[in-house]
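Worksheet: one structure, shown below.
We did not get these values from a lab; they are worked out from the coordinates using the rules stated. Keep in mind that this is a model prediction, so the values were computed, not measured.
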């Protein structure tokens, strides 16, 4: 395993020796005098810290991805490439993205501007320019209209021959380690051996959850095994039997490639988080964190997901309905790794919903996913009603599912199901919503699903 402690920053090789692997890229940049990248929240919510990371896809191709530098520990960086806002202008000549912001008067106090610029820069290179690419960037002056005009200008004019365009290449990342406690293996077997040698080590995938804790000074002496360079975890297979999702596939890739195959999952991904988070977050990480308000977990329950785990004793498959045991406790043993999730193919009506204070990029009050199969008489043959935010773990409403089976899904049945759903769970009350509100949502979201997706 390479112990190289260098990465490419703005076209130059930079040494990481002596730096703490758990220090965020944002704070490292600021300490080096690169203050264009701002700290607004240190939680990955505001986008002021956005930089462009050169991502290496499963096919070995390189592309720019907007990420939150406040959530990226330095331990991920050996061998990688990063571009910050300081590198965009060529001397006194502004980059086309910067020029569009100036032309459209899209900066007020200016604090958020570098983050918007970097999100637009990455989006231009992705060939996608719409409001979704900047939904992870907050403007505290609320100057969104001129920023959207700058986006429209870029959509119409493009960037021309951008000097920062990536040349075609297929080189892959090497394994790496930093400070003898942040390891980046290339294979599952290698990762498992490292875990046996460092029993207290934590798995870390996209760092969109653990990165928040590190930015607040936690896990400073923790050993980590990073999973983002393991090609086996990047596999995404779609066939007649269903979909198999590698635990390390970024959520943004799932959002793009599974739109037709697994619409319920994509429905949830569209409101899951901002682009910067989805460019790093993974399904395996969502399972490993096992938060009761993890938005994707109800979807796995509703679609009868099967989770493949691998450890020193071999591989095993656990049904999603058996995976969640207690608050942030799962069937996965500490020395096991989530390898993949299989979603079987089934002709069914399915959808997912999320209720939160903001339309997207926010923690859910209740998340729900539903899947129903009806026969020719409109009777229910198969039912899955799954929820997050209503208990210590994501749960299916088993009793209501059993009630629905064999029943004709008419107005009377729906009314009874709604009534039963208000009594199915015992959620807590907190600053996001009361227990009664959550119970009401369980019922109303199912009614909305029936109205929108069933004949």
query: Expressed as a whole number of Å, what is the distance separating the alpha-carbon centroids of the range 185-223 and the range 227-297?
result: 20 Å
- prompt: Per the Debye formula with a single identical scatterer at each Cα and no solvent contribution, what log10 I(q)/I(0) holds for the range 350-453 at q = 0.18, 0.21, 0.23, 0.24 Å⁻¹?
  reply: -0.81, -1.07, -1.25, -1.34
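Taking every DSSP beta bridge that has both residues in the range 170-320, what percent is antiparallel when rounded to the nearest 5?
Of the beta bridges lying entirely in the range 170-320, close to 75 percent run antiparallel.
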- request: Calculate, in whole percent, how much of the Cα-Cα pair population of the chain lies beyond 42 Å.
  value: 18 percent
statement: Expressed as a whole-number percentage, the relative contact order of the chain with C-alpha contacts under 8 angstrom and at least six residues apart is 12 percent
message: Relative contact order for the range 180-226: what percent, with Cα pairs under 8 Å and sequence separation of 6 or more?
response: 59 percent
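Using the Kirkwood radius over C-alpha pairs as Rh, can you work out the diffusion coefficient of the range 231-344 via Stokes-Einstein at 37 °C, viscosity 0.692 mPa s, in µm² per second?
233 µm²/s
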query: Could you state the number of Å between the C-alpha centres of the range 133-181 and the range 397-432?
result: 44 Å
- request: Could you work out how far the C-alpha centroid of the range 321-360 sits from that of the range 10-84, in angstrom?
  value: 29 Å
message: To test your reading of the geometry: what angle, between 0 and 90 degrees and rounded to tens, separates the Cα axis of helix 411-421 from the longest principal axis of the chain?
response: 60 degrees
- request: Once every Cα of the range 180-226 carries one equal point scatterer and solvent is ignored, give the base-10 log of I(q)/I(0) from the Debye formula at q = 0.13, 0.16, 0.28 Å⁻¹, two decimals.
  value: -0.28, -0.42, -1.06
query: Using Cα atoms only, what is the angle between the long axis of helix 144-157 and the major principal axis of the chain, expressed in degrees (0 to 90) to the nearest 10?
result: 70 degrees
- line: Kirkwood Rh over alpha-carbon pairs of the range 20-135 plugged into Stokes-Einstein at 4 °C, 1.567 mPa s gives a D in µm²/s of 89 µm²/s
